[in-house]
Amino acid sequence: MSSVFTKDRVPWLRNPGPQHEKRTLFGDMVCFLFITPLATISGWLCLRGAVDHLHFSSRLEAVGLIALTVALFTIYLFWTLVSFRYHCRLYNEWRRTNQRVILLIPKSVNVPSHQQSLLGLHSAKRNSKETIV
């Protein structure tokens, strides 16, 4: 699975397409890196406050804090899912339109050496974006 990630997704992360898609991907990555710890800490603080309110004061405030925590995580998970699906769709479209195909000609074919070099038959190094046919 890791070889699939390095072969397909790293070039897409470097160049996902038009400028607005680059900005959207970058913005969503920054938001994810910023919002994930923020949502985690906020949820933990709300739950801790709810536990304190259950022990020392009114249950209504505790229920309110628990509802706030549930709403916070629901919104966070919804945003994450929508963002992830959007970028998966962009990635699949990029992958469909950015393929590189190499035609390998068997060595038994009699092709003059100068034509072999033009066709790239002696090239042993393969690019990770290339598909061998």
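Worth a mention:
- If you bin all the Cα-Cα distances of the range 44-94 at 5 Å, starting from zero, the percentages per bin are 5, 21, 17, 13, 10, 9, 8, 7, 5, 3, 2, 0.
- Within the range 65-93: backbone nitrogen closer than 19 Å to the ILE35 label point (7 Å, Cα to C-beta): 68-91
- Compactness of the range 17-108, taken as the C-alpha radius of gyration over 2.2 N^0.38 Å, stands at 1.85.
All of the numbers you see were taken from the coordinates with simple rules; none came from a lab. Being a predicted model, the structure only gives us computed values, none of them experimental. Don't worry about glycine lacking a Cβ; one is built from the backbone with ideal geometry, like all the others, and counts go over all protein chains shown.
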